[in-house]
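Asks: The structure that follows is given in the form of structure tokens.
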Amino acid sequence: MSGLFQALTSVAAAAATQATMRTLKRAGLLAVAGVFIIIGLCFGVAAGYQALTLSYGSLVAKLVVGGAFLILGLIVLLVANWRSNRRQVQEVGTTSVALAFAMGLLGGLSRKR
């Protein structure tokens with residue numbers, strides 16, 4: 001019986017390791033993409049500010065850029081609050097359910113003796 005338990009725990013550990021590696025890889029790629037997006041946004045803002053400065057003057061350009069960032073920040077804040085209020089559905093894979101069932105069954109069988 002312990003051989004089956006060891007096999008199940010090794011499968012669970014392997015699945016957890018793979019999921020962790022996928023998550024870390026995805027987080028790393030998202031971080032790199034975020035850095036590039038921020039750099040692109042900074043250059044876009046600098047170019048827009050310079051164009052506004054040439055057209056309308058420095059004070060108006062600062063007010064326009066500051067107001068645009070204020071509005072964007074408020075929109076992000078509203079979206080974040082709206083999404084957190086929605087009910088989140090968690091999906092559970094069949095492998096996880098089967099593994100949890102088998103481990104619970106083995107735990108119950110081992111306590112009967």
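Asks: It is to be established whether one or more residues within the range 86-95 are modelled with pLDDT of 90 or more, in a helix (DSSP H, G or I) and either polar (S, T, N, Q) or surrounded by 11 or more Cβ atoms within 10 Å (Cβ to Cβ) (or both).
Replies: No, that holds for no residue.
Asks: Residue under question is LEU41, and the condition is that it be surrounded by 10 or more Cβ atoms within 10 Å (Cβ to Cβ), modelled with pLDDT under 85, part of a helix (DSSP H, G or I) and not β-branched (Val, Ile, Thr); does it hold?
Replies: no
The values are calculated or read from the model by the stated rules, or taken from the named source; none is laboratory data. Just so we're clear, the structure is a prediction, and the values are computed from it rather than from any experiment. Positions of Cβ are backbone-derived with ideal geometry, glycine not excepted, and every protein chain shown enters the neighbour counts.
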